[in-house]
Amino acid sequence: MCLASLWLAVACGRRQSPIPALEREFVYTTLAFSPVAATASGLHKYQGQDLDRQLDDMSPQSVERQRRFYEDFRKRLAGVSPDALSTEDRADYEILRNQTALGLLEFERIQSYLHNPTSYVELVGNAIFNPWVLEYAPLPQRVGSIIARLQVIPLFLDQARNNLVSSPGIWTQVAQQENAGNIELIDKDIRGKVPAELRGAYDQAATGALKALNAFQDYLRTSLAARDSWDWRLGAELYAQKFQAVLAIRDRPADLLAKAELEIPQVRSRMLELALPLHRQFFAAHKEHSELAGDERLNRIVSEALERISGRHSTRESYVADARQDLEEARRFIAERHLLTLPSRANLQVIETPEFMRGVYAVGGFAPAPPLEPKLGAFYWITPIPADWPPARVESKLREYNFYKLKLLTIHEAMPGHYVQFEYANDVEPEPRRLLRSLYGNGPYIEGWGQYAEQLLLDAGFLDHSPELQLTFLKEKLRVLANAVMDIRLQAQGMTDQEALDLMQKQTFQESEEATAKLQRAKLTSAQLPTYFAGWNAWLEVRERVKQAQGSAFQLAAFNDGALREGAVSLASLEGLLTGGAPGGTRSK
């Protein structure tokens, strides 16, 4: 019988895979580089270091050390033959290869640490917020960690000032908004709830941190704002490289762009078919606008139907509470229809989006439970409507996220979208594989599942096949297509702001508030917005191939459960894992 030692394994005719050791080294080394990310992942101590009491080191020496790690890791991966690996290890190898390429691209070419102040501001916010909301230890211990981190904020912000050479105006502007949220978090949200025995230490640490944060705010407003020559656009070459590392699909940006632009008129035509009966019901006197023709008629009929539908919406005060009700409605429907096996942990909370994250998450988002401590809280974020917004802006937001759209958002982010997805991922074994697929998982798998989850419920008859919901869903599909078009054209082809706004408002029926927020998001991120379109189509294609392979034995719930159990591998790898064969190419329709 073969024993476990390496030399005996070789003697017995088996070769030990290098992937488990490589992925363990990768995930724990990169988490050690970022103590803030380590806390969020449930890694609190590593190699004798108390990570919860530290901030990331962004000194030039540390940045160079991280770059060298990725450079060395790429060389070591080059010595591995993917064809000699098992299907599971090959899926992990692909993630390691893409994440290493992405790390090197960041440190050698993109260099956000020299130009993006929001990365520093959001890191400070997460450093304080996560120990506060994640109950991994008694409150006094977690507050002690917060105090330790407050004490090193001045040094961290000195590193930020020393690193930042220039910044696009939009990045500096958003950094100021999010930094104000950090100040509010430290000075008000947490201060009043600190245990009595720690208030003195907290106040002392907070005084120094707040002084540094306010000084950084002045620096952003004056010094950095005057150095706005850096372009937020990646350009065609860098964008293509990042696109491939993030999406891990066969399509190049130009291929995906062509497919998205081809599908936009097709979806618009389907919207007209669905809108006509509603339009007759809502606006009989308009006589289907027979005086118009072509796109002008289509736009008028669909817009008027959507306008009537969007009038049913929450109030500013009920917005978050309504999302909680939508969550429970979706949960009941999934259980009744047996669409998949729901997670056993009851750890999901609906909370307001932290202020320091609202630059990117203008509507909402999801923060999973730590993969090393999955019993802790998972958070469905809903971004509240600010009290100082004028009525017209409030109405625009509520009409976009109306009765039907808020349900789709909740399905996507929480039930059975990202919450269910990450709950499954947090059960992946062994531990290094779980960390790799949770922390560095494939974007199209993650966002594609969110879109697939929405379609899953609608296909099963959610809201009794409501035509209003169906039309709202097609509007969302247009938005997914516009996301891909806009990201590729803005980042790589010089699309103007007005062209992007026209695409969103005139071709895909988005409200002005949504379009403005999405344009800002496209300038803050890159190669993320196309993951929805690429992933949605790939999920449907993988399901169809598995269905063909299994024939009459195919069961939808079993497919969903099995696909989720793998964690966020590439969709090409997922097909091979589910069928037991070599992975096929992921192709977007």
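All of the numbers you see were taken from the coordinates with simple rules; none came from a lab. Since the structure is predicted, the reported quantities are computational estimates derived from the model, not experimental observations. Virtual Cβ from ideal backbone geometry, glycine too; neighbours counted across all protein chains shown.
Could you work out [θ]222 nm for the chain from helices alone, using -39500 (n - 2.57) per DSSP H run of at least four and dividing by all its residues? Round to the nearest 500 deg cm²/dmol.
-20000 deg cm²/dmol
How large is the dipole of the chain about the Cα centre if only Lys and Arg carry +1 and Asp and Glu carry -1, each at its Cβ, rounded to the nearest 20 debye?
Computed charge dipole of the chain: roughly 600 debye.
For the stretch 115-201, would you read off the P(r) tail past 16 Å as a percentage of all alpha carbon pairs?
Roughly 56 percent, once rounded to a whole number.
Run the numbers on the chain and let me know its relative contact order in percent, using alpha-carbon pairs under 8 Å that are six or more apart.
Relative contact order, the chain: 17 percent.
Calculate the radius of gyration of the Cα atoms of the stretch 211-284 to one decimal place, then report Dmax, the largest Cα-Cα distance, as a whole number, both in Å.
Here Rg and the maximum Cα pair distance are 23.0, 63 Å.
Please report the projected area of the stretch 414-525's Cα convex hull averaged over all directions, in nm².
The number I arrive at for the stretch 414-525 is 8.5 nm².
Over the alpha carbons of the stretch 310-375, what is the largest minus smallest coordinate on each principal axis, giving the biggest first in Å?
So the extents along the principal axes, rounded to whole Å, are 33, 33, 16.
Taking a 24 Å limit on the Cα-Cα distance, which of the listed pairs Lys259/Lys523; Lys45/Lys242; Lys242/Lys375; Lys397/Lys477 fall beyond it? Could you put the intermediate results ahead of the total?
Numbers: Lys259/Lys523 22 Å; Lys45/Lys242 32 Å; Lys242/Lys375 34 Å; Lys397/Lys477 19 Å.
Cα-Cα > 24 Å for Lys45/Lys242; Lys242/Lys375; rest within.
So how strong a dipole does the stretch 20-230 carry about its Cα centre when Lys and Arg Cβ are +1 and Asp and Glu Cβ are -1, to the nearest 20 debye?
400
Need one number: convex hull volume per residue for the stretch 268-329, Cα atoms only, in Å³.
Considering the Cα atoms of the stretch 268-329, their hull volume per residue is 112 Å³.
If we sort 190-199, 567-576, 112-121 on the protection proxy, mean other Cβ atoms within 10 Å, highest first, what's the order?
Values: 190-199: 12.7, 567-576: 25.7, 112-121: 21.3.
Listed from highest to lowest mean packing, they are 567-576, 112-121, 190-199.
Take the Cα gyration tensor of the stretch 20-230, multiply each eigenvalue by 5, square-root it, and list the three semi-axes largest first, rounded to whole angstrom.
Values: eigenvalues 217, 113, 32 Å².
Computed over the stretch 20-230, the values are 33, 24, 13 Å.
For the chain, what proportion of DSSP beta bridges, expressed in % and rounded to the nearest 5, is antiparallel?
Around 55 percent antiparallel, to the nearest 5.
Run the numbers on the stretch 38-146 and let me know its relative contact order in percent, using alpha-carbon pairs under 8 Å that are six or more apart.
Computed over the stretch 38-146, the figure is 30 percent.
Among Phe403, Leu439, Ala453, whose Cα sits farthest toward the positive end of the charge dipole of the stretch 399-456 (+1 at Cβ of Lys/Arg, -1 at Cβ of Asp/Glu, about the Cα centre)?
Sorting the options by dipole projection puts first Phe403.
Quick check: Cα centre of the stretch 360-383 to Cα centre of the stretch 421-455, how many Å?
Computed from Cα coordinates, the inter-centre distance equals 13 Å.
What value in Å³ per residue do you get for the convex hull of the alpha-carbon atoms in the stretch 506-579?
132
Among Gln176, Gly535, Ala225, which residue has its Cα positioned farthest towards the positive end of the charge dipole of the chain, with +1 placed on the Cβ of Lys and Arg, -1 on the Cβ of Asp and Glu, and the dipole taken about the Cα centre?
The residue sitting farthest along the positive end of the dipole is Gly535.
Across every pair of different alpha-carbon atoms, what Kirkwood hydrodynamic radius in Å does the chain reach?
One decimal place: 25.4 Å for the Kirkwood radius.
Kindly state, to the nearest 0.05, the FRET efficiency for Asp427 paired with Lys193, given R0 = 25 Å and r defined as their beta-carbon distance.
Given R0 = 25 Å and the Cβ-Cβ separation, E is 0.15.
At a Förster radius of 56 Å, what calculated FRET efficiency corresponds to the Cβ-Cβ distance of Ser223 and Ala84, to the nearest 0.05?
0.55
Where nothing but the Cβ of Lys and Arg (+1) and of Asp and Glu (-1) is charged, how large is the charge dipole of the stretch 226-308 around its Cα centre, in debye to the nearest 20?
200
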